[in-house]
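Please read the structure below before turning to the comments.
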Amino acid sequence: MTAARQPLIKVENLTYQYNGAQPVLKNISLEIGRGECLAVIGQNGSGKTTLVKHFNGLLKPSSGRVYINGRDTGPQKVSTLARTVGYVFQNPDHQIFHDTVGKEVAFGLKNLRLPAEEIERRVNEALEAVGLTGHYATYPFNLSKGQRQRVALASVLAMHTEVIVLDEPTTGQDYRESVQIMEMVKNLHEKGHTIVFITHDMSLVARYAARTVVLCEGEILADAPVRAVFAQPELLARSYLKPPQITLLAQELGKRAIPPDVISVREMYDLLQKARADKIGCCG
Amino acid sequence: MAILEIKNFTFRYPQAARPALKDISLSVAKGEFVGITGPTGAGKTTLACCLNGIIPHFQGGEATGRIELDGLSIFNKSTAQISRLVGSVFQDPEAQIISSEVEQELAFGLENLGFAPVEMEKRISEVLELAGIPDLRHRSTIGLSGGQKQRVAIACALAMRPEILLLDEPTSELDPVGTEEVFQVLSRLNHEHGITVLVVEQKTEQLAAHAGRILVLDDGALVMDGEPWQVFARQRELQAIGVKIPQVTKLAGMLGGSDKYSLPLTVEQARIYIERLVRS
């Protein structure tokens, strides 16, 4: 297999159980290519976090294999995998442990034994990217939760990893903060990073992901482009999900020449304007 | 009759430079379903804590103005008195649920208040019914879904037979179907049992569909207070504040909608509105 064609992340018959309990993941197989932007969705407890924790070795398969860049994660240390896969936890407070924002962001870079100037350059760049310039010396717990989420994101950004995994990066954020964080993620994707994110917010999936994997009780229910998945509300309902409101509206209007896979308000607006114009055209 | 009356209420946390709530005045009648929204830091949770007595009883700070529950100032009531009037449900059900079985969880508050077993039995059956979860009675609290856990938390709050059910972002950790389950229970409690519901929520699509009135807080001030269509008609202002407009309402706004009849709040209303629009 040549390096260019090999998937960045390859999951092969992955089963995982916590301490001998019922398996949380059941025989999952999945490939993620370089430069993809993938959303993992599914009901509470469907195995989303358990799956993505395998990508940087925080969890190792009970059976099956996970390969990153063609190498089995089984024998690799988390610290080695962390050079390729950055992981932003759902709760930033599970991640942040330094007394200043700057030290927090520098932590991983020091572990890479980079020269001091390089560390400083990357920390400043990452803080700027998340809109926290000037907070180098701030005590992280004096920041709002939304800001702490961005500190956690900055420490992952600074690592310049090929893959960035984000577990519900917008939970507990307000609308504006959610959009800010996702715009940052989009930016990274455009710069060539491979992105995997978990969310319950289907409008964010519609807006930012190209492909989505739907998990249900530890199995993959669907793995397809976002539009194709949202066009199947019965399938989503099996994992306690619903398409975005605008997609539901398209499906209700379906018989009237509106396709069932509309995923943005703007798209719907344009279709309706066209439908109205056509109507006038045919009657006038 | 007003069950809650807030007059010129201002609150500042200890050592804070600026007040968290500024000159809030509003009145809530018995049986209303009120949604409270706004960006982070707007004062939503602070307001909720002022209504269930956490402020000022457990948290210092400086308050001016009045808050009256059922005609009496909240500052003259003990937290025990307040808890019989206001049942609270918080963001994270994990932080609230302490027992290993649903029935025990429901019995906990009642036992503390010294209810007789017969009365406890009656109330437990009643609130399980009200929260739509009679089948969960003997289940372990550990294996429940997020939506089920929050409905257990709601049932617990209802066991005290409060006048007001106060919820602070009860669905922020729930999947879309869990979110819908919680709001359907709230709607039913409100419509069929007349319970006053106050819910702090970022998910404005749910508020638009279920609340009769929406309050928008921004930077500690009450900046909007009206029926959902009145609030969501102010789309530019909402965007500036950072409040999400439900997709179907936003679409209607782009198509020129501006009043109660042209600003649908649910998918069903939007379907009817658009079919009419395309036909005309």
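The values are calculated or read from the model by the stated rules, or taken from the named source; none is laboratory data. This is a predicted model, so every value here is computed, not measured. In this analysis, Cβ positions are derived from the backbone assuming ideal geometry, glycine residues included, and neighbour counts consider all displayed protein chains.
With a requirement of 3 or more residues that are of a type outside the set (Val, Ile, Thr), the strands (runs of 3 or more DSSP E) lying completely within segment A:140-259 that satisfy it span A:211-216, A:219-225.
Within segment B:191-208, the set of residues being surrounded by 20 or more Cβ atoms within 10 Å (Cβ to Cβ) and either in a loop (DSSP other than H, G, I, E, B) or out of contact with any helix residue (DSSP H, G or I) (no Cβ under 6 Å at 6 or more places or on another chain) (or both) comprises B:ILE195, B:THR196, B:LEU198, B:VAL199, B:GLU201, B:GLN202, B:LYS203, B:THR204, B:LEU207.
The set of residues in segment B:253-280 being among the acidic types (Asp, Glu) and either within 9 Å of chain A (Cβ to nearest Cβ) or buried (at least 18 other Cβ atoms within 10 Å of the Cβ) (or both) consists of B:GLU268, B:GLU275. Restricted to segment B:45-76, and to residues that are part of a strand (DSSP E or B) and among the small types (Gly, Ala, Ser), which residue is nearest to B:ALA157 (Cα to Cα)? Top of the filtered list is B:SER73. With respect to (1) surrounded by fewer than 22 Cβ atoms within 10 Å (Cβ to Cβ); (2) part of a loop (DSSP other than H, G, I, E, B), the lone exception for B:SER187 is condition (2).
Applying a threshold of 7 Å to beta carbon distances and a minimum spacing of six or more residues, or different chains, the list of pairs starting in segment A:239-250 at a residue that is more than 7 Å from every other protein chain (Cβ to nearest Cβ) and ending at one that is buried (at least 24 other Cβ atoms within 10 Å of the Cβ) and assigned to a loop (DSSP other than H, G, I, E, B) reads A:SER239/A:GLN43; A:SER239/A:SER46; A:THR247/A:VAL262; A:ALA250/A:VAL262.
Can you find a residue that is within 23 Å of the chain's Cα centre (by Cα), at pLDDT 90 or above and part of a loop (DSSP other than H, G, I, E, B) anywhere in segment A:101-117? Looking for residues that are within 23 Å of the chain's Cα centre (by Cα), at pLDDT 90 or above and part of a loop (DSSP other than H, G, I, E, B), one finds none in segment A:101-117, hence no.
Scanning segment A:58-66 finds one or more residues that are touching a helix residue (DSSP H, G or I) at 6+ places or on another chain (Cβ under 9 Å), free of Cβ contacts under 8 Å to residues at least 40 places away in the same chain and away from every other protein chain (no Cβ under 14 Å).
Take B:ALA42 and decide whether it is modelled with pLDDT of 90 or more, assigned to a loop (DSSP other than H, G, I, E, B), buried (at least 22 other Cβ atoms within 10 Å of the Cβ) and at negative phi. For B:ALA42, the condition - modelled with pLDDT of 90 or more, assigned to a loop (DSSP other than H, G, I, E, B), buried (at least 22 other Cβ atoms within 10 Å of the Cβ) and at negative phi - is met. Taking segment B:256-280 as the range and being modelled with pLDDT of 90 or more and of a type in the set (Val, Ile, Thr) as the test, the residues that pass are B:THR266, B:VAL267, B:ILE272, B:ILE274. Within segment A:34-76, the set of residues being closer than 27 Å to A:LYS191 by Cα and of a type in the set (D, E, K, R) comprises A:ARG34, A:GLU36, A:LYS48, A:LYS53, A:ARG71, A:ASP72. Does any residue of segment A:159-172 turn out to be charged (D, E, K, R), in the same structural domain as A:VAL40 (by TED's automatic domain parsing), in contact with a Phe, Trp or Tyr (Cβ under 9 Å, 6 or more places away or on another chain) and at negative phi? Yes, segment A:159-172 has at least one match. Look at (1) aliphatic (A, V, I, L, M); (2) surrounded by 18 or more Cβ atoms within 10 Å (Cβ to Cβ); (3) at pLDDT 90 or above and you find that B:LEU174 fails only one, number (3).
Let's see how each residue does on (1) within 9 Å of chain B (Cβ to nearest Cβ); (2) surrounded by 19 or more Cβ atoms within 10 Å (Cβ to Cβ); (3) among the charged types (D, E, K, R); (4) in contact with an Asp or Glu (Cβ under 7 Å, 6 or more places away or on another chain):
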site	(1), (2), (3), (4)
A:THR212	no, yes, no, no
A:LEU215	no, yes, no, no
A:VAL229	no, yes, no, no
A:LEU236	yes, yes, no, no
A:ALA257	no, no, no, no
A:GLN273	yes, no, no, no
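Of all the listed residues (A:ALA21, A:ALA82), the sole one being within 27 Å of B:LEU174 (Cβ to Cβ) and either among the small types (Gly, Ala, Ser) or in contact with a helix residue (DSSP H, G or I) (Cβ under 8 Å, 6 or more places away or on another chain) (or both) is A:ALA21.
Considering segment B:47-76, the residues that are in contact (Cβ under 8 Å) with a residue 60 or more places away in the chain and surrounded by 15 or more Cβ atoms within 10 Å (Cβ to Cβ) include one that is farthest from the other protein chains (Cβ to nearest Cβ), namely B:ASP70. Taking segment B:77-183 as the region of interest, the helices (runs of 4 or more DSSP H) fully inside it that hold 3 or more residues being touching a residue at least 40 places away in the same chain (Cβ under 8 Å) are B:79-85, B:93-96, B:102-112, B:146-159. The residue that is nearest to B:ALA48 (Cα to Cα), among those in segment B:222-244 that are at the interface with chain A (Cβ under 9 Å from one of its Cβ atoms) and not in a helix (DSSP H, G or I), is B:VAL243.
The single condition among (1) touching a strand residue (DSSP E or B) at 6+ places or on another chain (Cβ under 8 Å); (2) of a type outside the set (Ser, Thr, Tyr); (3) closer than 24 Å to A:ILE198 by Cα; (4) crowded, with 23+ Cβ neighbours inside 10 Å that B:ALA211 does not meet is (3). Only one of the numbered conditions (1) out of contact with any Leu (no Cβ under 9 Å at 6 or more places or on another chain); (2) more than 9 Å from chain A (Cβ to nearest Cβ); (3) part of a helix (DSSP H, G or I) is not met by B:LYS250, and that is (2). Checked against (1) more than 14 Å from chain A (Cβ to nearest Cβ); (2) in contact with a Pro (Cβ under 8 Å, 6 or more places away or on another chain), B:GLY146 meets all criteria but (1).
Return yes when B:VAL200 is of a type outside the set (Ser, Thr, Tyr), touching a strand residue (DSSP E or B) at 6+ places or on another chain (Cβ under 6 Å), within 22 Å of A:SER203 (Cα to Cα) and within 14 Å of chain A (Cβ to nearest Cβ) and no when it is not. Yes: the conditions hold for B:VAL200.
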